[in-house]
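Every number in this text was worked out from the coordinates using simple rules, so none of it is lab data. Since the model is a prediction, treat every value here as computed from it, not as a measurement. Cβ atoms come from the backbone with ideal geometry, glycine included; neighbour counts cover every protein chain shown.
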Amino acid sequence: MAERRAIIAANWKMYKVHTEAIQFAQKLHYLLDEDELKRVEVPICAPFTDLRTLQTLFDADRLPFKLGAQDVYWEEEGAFTGEISPRMLEALDVDYVICGHSERRELFGETDEMVARKVEAVFAHGMTPVLCVGETLEEREAGSATEKVVRQVTAATSDLSSTQVEGLVLAYEPIWAIGTGKTATPDDAQEMCATVRAQLEEMHGAGPAEKARVQYGGSVKPGNIEMIMRGEDVDGALVGGASLDPEDFARIVTAW
Ligand code: PGA
């Protein structure tokens with residue numbers, strides 16, 4: 001089996017101004033030792049307005065975190081008021097870009113096709129997409145969760161090369177578990193992460209599918225991370241609410 005390095009990402013969503021971002025990163029660095037950060041990769045996916053500040057801080061103080069954005073538009077530049085291009089993120093040394101988070105899909109109307117274009121644009125600029133997939137409660141109850149997730153994985157990865165699939169990070173996030181305090185059972189998390197990997201294997205072959213990393217997301221907390229991480233196809237977590245507090249987030253990273 002491929003050795004996959006764990007990846008535990010903070011997704012701050014629309015929280016923290018740039019000065020709060022500095023305080024958080026310094027505190028988190030103080031709470032984690034270097035060995036932990038060799039074992040686990042830790043991207044901080046911050047609002048756009050925090051990225052330049054974090055880039056400067058990570059560089060100046062040699063903080064071993066990765067820099068992440070929460071969204072991107074796929075065009076290089078142009079008359080797209082309010083959008084941020086992959087070129088702009090690349091210029092800030094952004095490593096990871098969340099693509100197709102369920103809040104973007106559900107609240108801002110992002111379609112599978114738009115998400116696929118974002119994923120490709122992120123790769124084209126040398127960054128790594130964190131492709132989010134997941135079902136609603138209605139879909140789970142109707143028995144169509146797997147179908148939905150497979151469809152999302154298919155739509156967003158069908159034009160990718162094997163090398164891109166190897167580098168890809170996916171996040172399985174059941175929508176009913178996001179910010180609700182409900183988590184998928186460890187078995188459900190493992191099962192769907194395995195389904196994601198199986199779909200990658202079917203489309204792109206076993207080699208790339210073994211190397212791609214699949215996170216679980218949805219109410220991950222210090223108290224449930226140990227159960228979640230037992231799944232052999234679960235390679236990390238995408239953490240929303242519990243990533244806002246450096247102590248909680250450090251406990252999640254340390255538990256892995
Ligand atoms: P949550 O969010 O940890 O607050 O449930 C996870 C996410 O939306 O990425």
Given the conditions (1) touching a residue at least 24 places away in the same chain (Cβ under 8 Å); (2) closer than 29 Å to Ile22 by Cβ; (3) within 16 Å of the ligand (Cβ to nearest atom), which single one is not true for Ile175?
(2)
Within the stretch 199-223, track down each residue that is within 16 Å of the ligand (Cβ to nearest atom), touching a Leu at 6+ places or on another chain (Cβ under 8 Å) and touching a residue at least 40 places away in the same chain (Cβ under 8 Å).
Arg213, Val214, Gln215, Tyr216, Gly217
Qualifying positions in the stretch 229-256 - without any contact (Cβ under 8 Å) to a residue 60 or more places away in the chain, within 12 Å of the ligand (Cβ to nearest atom) and under 16 Å from the mean Cα position of the chain (by Cα):
Ala242
Val17 passes all but one of the listed conditions (1) surrounded by 15 or more Cβ atoms within 10 Å (Cβ to Cβ); (2) without any contact (Cβ under 8 Å) to a residue 60 or more places away in the chain; the exception is number (1)
Which one of Arg104, Arg87 is in contact (Cβ under 8 Å) with a residue 12 or more places away in the chain, surrounded by fewer than 19 Cβ atoms within 10 Å (Cβ to Cβ) and within 16 Å of the ligand (Cβ to nearest atom)?
Arg104
Considering only the stretch 212-244, state which residues are in contact with a Ser or Thr (Cβ under 7 Å, 6 or more places away or on another chain) and on the phi > 0 side of the Ramachandran plot.
Gly218, Ser219
Options Glu120, Glu141: the member that is over 13 Å from Tyr172 (Cβ atoms) and either in contact with an Asp or Glu (Cβ under 8 Å, 6 or more places away or on another chain) or small (Gly, Ala, Ser) (or both)
Glu120
Identify, from the list Leu57, Leu51, Leu32, Leu67, the residue that is within 18 Å of the chain's Cα centre (by Cα), farther than 30 Å from Pro208 by Cα and not small (Gly, Ala, Ser).
Leu51
Just checking, how many residues over the stretch 117-142 are in contact (Cβ under 8 Å) with a residue 40 or more places away in the chain and either among the polar types (S, T, N, Q) or part of a helix (DSSP H, G or I) (or both)?
9
